[in-house]
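Here is the structure we will look at, set down as structure tokens.
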Amino acid sequence: MTVIDLNTGKPHENPTKFSRSNSKISTKQKDTGIRIQWIYEPDKLLPTKVEPAPIAVNNVLDRGEYYERPEAVIGVLVHSGEEPVAVAAWYGNDHKGDWNIYGDQPEQSQQVYFLSGAKTIFVGRF
């Protein structure tokens, strides 16, 4: 999997280095700065360029949003904003207990997550 830098459109030089600030998002602030695109086709799981991510992730709970996996979705493409992003997924119909899938990514980057058998997905600020 390639982490793509949104500023250059090239592979991220150091996708494990985060410049995480301990900023808090106000509960009144709706937009997290994160965008996603659900993936339905296997060939879209390995993008080599910046792809569109038109769905805004809102600050609903835990600095992000929980989703019920849409039918036929196999993955999710995520664009991070000014802060790193965390993606977690559970095989159950809720987000109780430890996650079954987890990933994080640096700010201003694009990354794809294969959802396997996950039914509940969280995308939010790290």
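Neighbours of Thr32, meaning other residues whose beta-carbon lies under 11 angstrom from its beta-carbon, give a summed charge of -1 when Lys and Arg score +1 and Asp and Glu score -1. Across the range 77-126, Cα-Cα pairs more than 18 Å apart make up 27 percent of the total.
Loop-resident trypsin sites (Lys or Arg not before Pro) (DSSP state other than H, G, I, E or B) in the range 71-126 with no more than 14 further Cβ atoms inside 10 Å of their Cβ: Lys96.
For the range 14-126, just say rounded, prolate or oblate: build the C-alpha gyration tensor, square-root its eigenvalues into a ≥ b ≥ c, call rounded for a/c under 1.5, and beyond that prolate if a/b exceeds b/c, oblate if not. The shape class here is oblate.
We did not get these values from a lab; they are worked out from the coordinates using the rules stated. Small disclaimer: the values here were computed from a predicted structure and weren't measured. Neighbour counts run over all protein chains shown; Cβ positions are idealised from the backbone, glycine included.
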